[in-house]
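First comes the structure, then the notes that go with it.
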Amino acid sequence: MPIYEYACSECGQEFEALVRSTTVPECPNCHSQALEKQLSVFATTASSPEMAPMPPSPCGACPNAIGQGGCSLH
């Protein structure tokens, strides 16, 4: 079940909807079915065929982790 982004032609509301093949989406604001599917950009590209490195974990993996309370996240 893909998630699509829509813009309602009636009221202008923009929203995302999880759509099954048998479902007709409608605007959550005005319940209109006059919708325009929006371009959804969710993927990134890498400069090499290898996968991008994973970001460091928030606890202890960053170079500024100097113990409890040393990280800006804690």
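The values are calculated or read from the model by the stated rules, or taken from the named source; none is laboratory data. What you see is a predicted model, and the numbers here were worked out from it, not measured in a lab. Methodologically, a virtual Cβ is constructed for each residue, glycine included, from the backbone with ideal geometry; neighbour enumeration extends over all protein chains shown.
Can you spot a residue in the range 26-36 that is more than 17 Å from the chain's Cα centre (by Cα), modelled with pLDDT of 85 or more, in a loop (DSSP other than H, G, I, E, B) and aliphatic (A, V, I, L, M)? Within the range 26-36, one or more residues are more than 17 Å from the chain's Cα centre (by Cα), modelled with pLDDT of 85 or more, in a loop (DSSP other than H, G, I, E, B) and aliphatic (A, V, I, L, M). Inside the range 2-19, residues that are in a loop (DSSP other than H, G, I, E, B) and surrounded by 10 or more Cβ atoms within 10 Å (Cβ to Cβ) make up a count of 6.
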